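The structure appears right after this line, and notes come after that.
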Amino acid sequence: MSFFYQNRAERVWFHISENRSFAPHLHRQVELLLVLEGIVTVTADDAAFQLSAGEGVIVFPNRLHSFTTPESSRILICIFDSSFCHAFRNFFQNDIPDNPRFLFHAFSCHGRHALQELLKLTSEFDQALRMPENIVLYAQGYLTLLLTDIFAGLSLSPEQRMNEPELEQQLFLYIDSHYTDNLTLEYLAREFGVSPFRISRIFSEKLHTSFPHYVNSRRLEYARELLANSGLSVTRIALDAGFGSVRTFFREFKRTYLISPGEYRRNGNDPSPAESLPPS
């Protein structure tokens, strides 16, 4: 399974997703996932929820989450900075929900109206290269109304933070830009002035995986993209992706995707739904 840190630049982004599954990931923004049709299984940290139409979850910043569609689904995804709706900024920065699930039928008339208007705005976000400021302001207002209803039903607890949480984000961003390099725990420890054990603990506690597994996952995703969209040889792709040898690349690729790189390219580059990744 792949785990990754998603470095998003948008202040706010909406998208209607159909029949998709997103691999485990985290980012610094808040994410709302609202099921419009079908069934979706959402995992947030260590809790799993099966959601039907009319249900949703809210994922606070830097929480590991994923979702899968067993058959079919249509969902609205809203991703926005924790400070985008100012009234809720402190909650997003200091707390986590005991249960992130919510129901549409519990919304007030204001929340239901806000949801309908957010659905109308999604086409603007899908089409625009640069979002007009008036659309951003509409989104801010409607999200504030929706969050008011969602938070009315949430029970919050103070987040148990690790020391110097900014180290986590700096570390993930650095790896996201250098995962094809020869990265080791010792190298990163020297780069960030901390112990290798501390970096290893961040991966085990935050992503529930190991440092080598995380780096290999990022390399495999990049290699899969090259296999699908370039004419480079498999050997060149293995080396460009950061693997020390072609043999290691073949072993890790087949262990993760249950198919060899060559077979993957010949079969039309069509990964299973559970391996699909969110847009970056």
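One table, with the values for the structure above:
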{"quantity": "Criterion violated by L76 - all others in (1) surrounded by fewer than 21 Cβ atoms within 10 Å (Cβ to Cβ); (2) within 30 Å of I202 (Cα to Cα) satisfied", "calculated": "(2)"}
{"quantity": "Test result for H105, assigned by TED's automatic domain parsing to the domain that holds R8, surrounded by fewer than 19 Cβ atoms within 10 Å (Cβ to Cβ) and modelled with pLDDT of 95 or more", "calculated": "yes"}
{"quantity": "Scan of region 155-185 for residues that are over 30 Å from F102 (Cα atoms), modelled with pLDDT of 85 or more and among the aliphatic types (A, V, I, L, M), ordered by number", "calculated": "L171, I175, L183, L185"}
{"quantity": "Region 21-61 - residue that is buried (at least 20 other Cβ atoms within 10 Å of the Cβ) and not in a strand (DSSP E or B) and, of those, nearest to the chain's Cα centre (by Cα)", "calculated": "H27"}
{"quantity": "Check on F197, assigned to a helix (DSSP H, G or I) and either modelled with pLDDT of 90 or more or surrounded by fewer than 17 Cβ atoms within 10 Å (Cβ to Cβ) (or both)", "calculated": "yes"}
{"quantity": "Filtered residue count, region 217-261, keeping only those that are in contact (Cβ under 8 Å) with a residue 60 or more places away in the chain and hydroxyl-bearing (S, T, Y)", "calculated": "2"}
{"quantity": "Selection status of Y214, surrounded by 15 or more Cβ atoms within 10 Å (Cβ to Cβ), farther than 21 Å from Q29 by Cβ and touching a residue at least 40 places away in the same chain (Cβ under 8 Å)", "calculated": "no"}
{"quantity": "Unique residue being in contact with a Phe, Trp or Tyr (Cβ under 9 Å, 6 or more places away or on another chain), crowded, with 20+ Cβ neighbours inside 10 Å and of a type outside the set (D, E, K, R) when the list is A228, A223, A189", "calculated": "A223"}
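Yes/no matrix, rows are residues, columns are (1) more than 25 Å from S200 (Cα to Cα); (2) in contact with a Phe, Trp or Tyr (Cβ under 6 Å, 6 or more places away or on another chain):
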position	(1), (2)
V215	no, yes
A241	no, yes
F249	no, yes
T256	no, no
R265	yes, no
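The values are calculated or read from the model by the stated rules, or taken from the named source; none is laboratory data. Fair warning: this is a prediction, and the values are worked out from it, not measured in the lab. Here the Cβ is made from the backbone with ideal geometry for all residues, glycine too, and neighbour counts use every protein chain on show.
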